[in-house]
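Step one of this worksheet: look at the structure below.
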Amino acid sequence: MATTNKLRSSPSLIFLSLALLFHFYLCKGDLLLNYYSESCPNAEDIIKQEVTDLYNKHGNTAVSWVRNLFHDCMVKSCDASLLLETVVNGIESEQASERSFGMRNFKYVSTIKEALEKECPLTVSCADIVALSARDGIVMLGGPRIEMKTGRRDSKESYANFVEESLPNHNDSITLVLSRFQSIGLDVEGIVALLGAHSVGRTHCTNLVQRLYPTVDPTLDPQYAEYLKGRCPTPNPDPKAVLYARNDRETPMILDNMYYKNLLGHKGLLIVDQQLASDPTTYPYVEKFATDNGYFQDQFAKAVLLLSENNPLTRDDGEIRKDCRYVNSI
């Protein structure tokens, strides 16, 4: 009888084993936690150390890492296409788009990449550097630790022609902003949380003056408007001049819920920011985040994680660039 039962159960066991093997084969090239545990065991520690060192030298790099993730992953895929530079008769850089205005510190991505190439040549993708530097930069800014999977590969092409249709602009309607984020799977609460990244960093006056001149936007707190006029004293600022206002005057380099408190006080810096507090769809989340920093950070972490996994290249797609600025064939 025991032999009969064993024989009867064998097909099920065989089927289960095959299913597990198939699942392993299907997933082995996809994003995984500790993807480099065998190929480059120190990869994540190296990135963390470089991010820390760069933050200690240039604190604003931490904000740049977060913005890199946003700009890279919103345009087609989390594949480091953002980092590609323009080359003759070839790639047109996404960095040249008006939507990339004010982005900087790309040169320090090369610093991180060089450290990784010394340890493990042609192993760690630039796309994973974008993701993990954002993860570690968020921690440096007082934000939550996010367990990110790795295994992304690098695009061989730029998507410069898709930047403006993929990235929300600072003066877009809230309906359009929600639509663009929802297209990658974020819900309304996640979108409101993700925009909390505006709690840190700064904005150039060219993106602010339409709220100040010729008349002040009535949704702006009058005293705050006067402060902004002091930072941006002309309606036609020179884009090359260092004229900017901090996104958050209270805690400018801490990723916290002060952003939402400012919105409730009519001190949202950009049009898109202030709309979050005036639109009935988004207002409840603004109010919730303003009263509970822990809840905001939890939702922010979930939103960043989802963003970081938007349509990545994996397995045999793309490549592992040696230099994040150029595809390997150039």
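Listing for the model above:
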{"read-out": "Test: residue in the stretch 132-139 that is of a type outside the set (Val, Ile, Thr) and part of a loop (DSSP other than H, G, I, E, B)", "value": "no"}
{"read-out": "Filter pass, residue 254 being farther than 25 Å from residue 146 by Cα and of a type outside the set (Phe, Trp, Tyr)", "value": "no"}
{"read-out": "Single residue of the stretch 68-111 satisfying the filter (of a type in the set (Lys, Arg) and farther than 17 Å from residue 184 by Cα) that is surrounded by the fewest Cβ atoms within 10 Å (Cβ to Cβ)", "value": "107"}
{"read-out": "So residue 226, is it among the acidic types (Asp, Glu) and in a helix (DSSP H, G or I)", "value": "yes"}
{"read-out": "Where residue 225 falls short, out of the listed (1) in contact with a Pro (Cβ under 7 Å, 6 or more places away or on another chain); (2) surrounded by fewer than 20 Cβ atoms within 10 Å (Cβ to Cβ)", "value": "(1)"}
{"read-out": "Residue in the stretch 204-220 that is farther than 18 Å from residue 264 by Cβ, touching a residue at least 24 places away in the same chain (Cβ under 8 Å) and assigned to a strand (DSSP E or B) present", "value": "yes"}
{"read-out": "Filter result for residue 190 (more than 15 Å from residue 68 (Cα to Cα), crowded, with 21+ Cβ neighbours inside 10 Å and in the same structural domain as residue 84 (by TED's automatic domain parsing))", "value": "no"}
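Conditions tested, residue by residue: (1) closer than 21 Å to residue 308 by Cβ; (2) polar (S, T, N, Q); (3) without any contact (Cβ under 8 Å) to a residue 12 or more places away in the chain.
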position: 34; (1), (2), (3): yes, yes, no
position: 57; (1), (2), (3): no, no, yes
position: 75; (1), (2), (3): yes, no, no
position: 82; (1), (2), (3): yes, no, no
position: 87; (1), (2), (3): no, no, no
position: 122; (1), (2), (3): no, no, no
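The values are calculated or read from the model by the stated rules, or taken from the named source; none is laboratory data. None of these values were measured; they are calculated from a predicted model. Every residue, glycine among them, receives a Cβ derived from its backbone with ideal geometry; neighbour counts consider all protein chains shown.
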